[in-house]
Each structure stands twice: as structure tokens, then as C-alpha cells.
């Protein structure tokens, strides 16, 4: 029960984040909004790190350097997300983002890229993807 | 429409890769150090791209409202609820609920036009579309197999969209 509530909240927050970024970008510009929200989020995360004392900075050195760069993608992610929300609304944008994300990670899993264990493609998964795409088409009817 | 769709697909693909990368960092460094790194880098990249495209205009922030300064808190909420949701429910159920909730709230948002966003009128067809997508997500997640804790789809999301 508590877990479901957390997961529900997580989804709500992610949507809220996209919407808030869109709203802010209307006033101050898209790159400005992306920079601002991430700067303030960064400061918050640092403060929390100080409190929970969970900082294992040395551990960064044990990770392949390329994996440390993931955060930089967020600039383009937020720009794309915000601009798409302005063009097509929240529901359609989030649906398209989710499907692209799931399809790509599905493909990466199937190929076993990035040192991930290779997984077999199962038919129900393809049906699931088909349903998601069908749902998006219905959204636009 | 096509431009928006291409942007959304680009964003989604990058989220997918970012999630994998972040989870590799998070395995070693913990979720808060990872979140700080991810947001710090995201800020730096946005600043550089903003300067590139807009020059000094990057620092012109007219129409700032007070709450804009606190919007980063939402990202912290995402990390806390996501990490706990997945810890308590496991990745398959946790991520399924999270994705469904994301879509549900998106539909609410469009329909009510909260926060001064342009209203997109609600239609039964939209609800049907969302429900079919949710059904697809659930089928996709459940048929993916639960054993593979290290797979890309099931890794802990420490993202920043």
C-alpha cells in the first residue's frame, strides 16, 4: 500500500515536472527554465546529501566515465519535452516520450548493450508495444 | 505536430539511455550522490547550450515568479518516491504504477489546464487511448520476466525529465 502510494506520487511528480518546466519556460525561456530547475534541484540534492551522509563520491571513480555523463542528456531531454508539450499537450507528449523510452530500453535489453544481460524478446512484449502505439493513435483521433 | 513528435521521441530515447547510465552510477554511489551529479551536469549542459543559442540573453530572466526558484524541489520528490516505490514493490510493479500514474496525471492536466497551460479538451477517446497505453505498459512489463534485475527496463529510475 505504502509502496503503491510512492509509485503513484512518483508518476505525479514526473508529470508535474514536465508541466512546471513548460510553464516556467513560457516566462523565462526554455534553456533558462532547464538550467534553473536543475540548478535548484542540484542544490537541494546536495543539502540532502549533507543530511543523510550517503555521499560516496569516491565511488564515482569505480564507474566507467561514460556512465557518469548521463546527466548532461537532461538539457536536450527537457528542451524536447517542454517544446513538445507546447506543441501537442501533456498527454500526447508524455505518451510519446514513454513509448520511445520503453522501445529503446527494450532493444538495448534484447541486444545486451552497455554490459546488460541479454534478454529474449517475448511475443507478449511486442503486443504490449503494439497496444501502446495503438493507444497513442486513438489519443490523436 | 511532426516536429513535436520528433522532439518527444528524441527526449524519450535519451531518457532511456540516461536511466541505464544513472542506474550504473547509483549502484555504486547511492541515489543522492547520483541525483546531485545528474542534476549538476544537467545544469551545466543547459547553461552551455543556452549560451550557445541565446548568448547573453541566457541571463535575462524577466517575469520570474517566486515559485520558479523552488521548482527543483519536484525533482527531489521524484527521486524519493521512485526509490521507495521500487524498493517496496520491486521494479516491475513499481515502474508499471509509476508510468500509469504519469499518464493519468497528464490527462488530468490537459483537461483542466492547470498552471495556466493551454487546455486540451477531454474526450472519452482520450481516456480510452490512455487506458490502452496503460494496458500495453502492464502487459509489456509483466511479460518481461521478473528475474532480470539488471535489465534496462527494470533499473531504478534516477532521471531528470
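The values are calculated or read from the model by the stated rules, or taken from the named source; none is laboratory data. What you see is a predicted model; the values in this text were computed from it and never measured. We place every Cβ from the backbone using ideal geometry, glycine too, and count neighbours over all the protein chains shown.
A few notes on this one:
- Hits in region A:100-129 - residues which are within 7 Å of chain B (Cβ to nearest Cβ) and closer than 29 Å to residue B:127 by Cβ: A:100, A:101, A:102, A:104, A:105, A:106, A:122, A:124, A:125, A:127, A:128, A:129
- A search for C-beta distances below 9 Å between a residue of region B:19-42 that is on the phi > 0 side of the Ramachandran plot and without any contact (Cβ under 8 Å) to a residue 12 or more places away in the chain and any residue that is in a helix (DSSP H, G or I) and surrounded by fewer than 24 Cβ atoms within 10 Å (Cβ to Cβ), counting only pairs 6+ apart in sequence or on different chains, returns B:30/A:49; B:30/A:52; B:30/A:59.
- Residue match in region A:100-109 (condition: surrounded by fewer than 16 Cβ atoms within 10 Å (Cβ to Cβ) and either outside any helix (DSSP H, G or I) or free of Cβ contacts under 8 Å to residues at least 40 places away in the same chain (or both)): yes
- Residues that are over 12 Å from residue A:14 (Cα atoms) and outside any loop (DSSP other than H, G, I, E, B), drawn from region B:100-119: B:107, B:108, B:109, B:110, B:111, B:112, B:114, B:115, B:116
- When each of A:54, A:27 is tested for being outside any helix (DSSP H, G or I) and surrounded by fewer than 22 Cβ atoms within 10 Å (Cβ to Cβ), the lone residue that passes is A:54.
- Checked against (1) modelled with pLDDT of 90 or more; (2) outside any helix (DSSP H, G or I); (3) buried (at least 23 other Cβ atoms within 10 Å of the Cβ), residue B:122 meets all criteria but (3).
- Condition check for residue A:66: in a helix (DSSP H, G or I), more than 7 Å from chain B (Cβ to nearest Cβ) and over 21 Å from residue A:25 (Cα atoms): yes
- Number of residues in region B:125-154 that are exposed (fewer than 14 other Cβ atoms within 10 Å of the Cβ) and either out of contact with any helix residue (DSSP H, G or I) (no Cβ under 8 Å at 6 or more places or on another chain) or at pLDDT 85 or above (or both) equals 2.
- Scanning region B:92-101 for residues that are over 14 Å from the mean Cα position of the chain (by Cα) and either surrounded by 23 or more Cβ atoms within 10 Å (Cβ to Cβ) or at the interface with chain A (Cβ under 7 Å from one of its Cβ atoms) (or both) returns a single hit, B:94.
- For region A:43-55, the criterion of being within 7 Å of chain B (Cβ to nearest Cβ), more than 18 Å from residue B:77 (Cα to Cα) and out of contact with any strand residue (DSSP E or B) (no Cβ under 9 Å at 6 or more places or on another chain) is met by at least one residue.
- Residue match in region A:15-22 (condition: over 29 Å from residue B:59 (Cβ atoms), modelled with pLDDT of 90 or more and either in a helix (DSSP H, G or I) or facing chain B (nearest Cβ under 7 Å) (or both)): yes
- Exactly one residue out of B:66, B:37, B:49, B:61 is exposed (fewer than 13 other Cβ atoms within 10 Å of the Cβ) and out of contact with any strand residue (DSSP E or B) (no Cβ under 6 Å at 6 or more places or on another chain): that is B:66.
- Matching option when the condition is closer than 30 Å to residue B:119 by Cβ and crowded, with 23+ Cβ neighbours inside 10 Å, among A:83, A:91: A:91
- Leading residue by the ranking (nearest to the other protein chains (Cβ to nearest Cβ)) among those in region B:49-91 that are outside any helix (DSSP H, G or I) and over 22 Å from residue A:76 (Cα atoms): B:63
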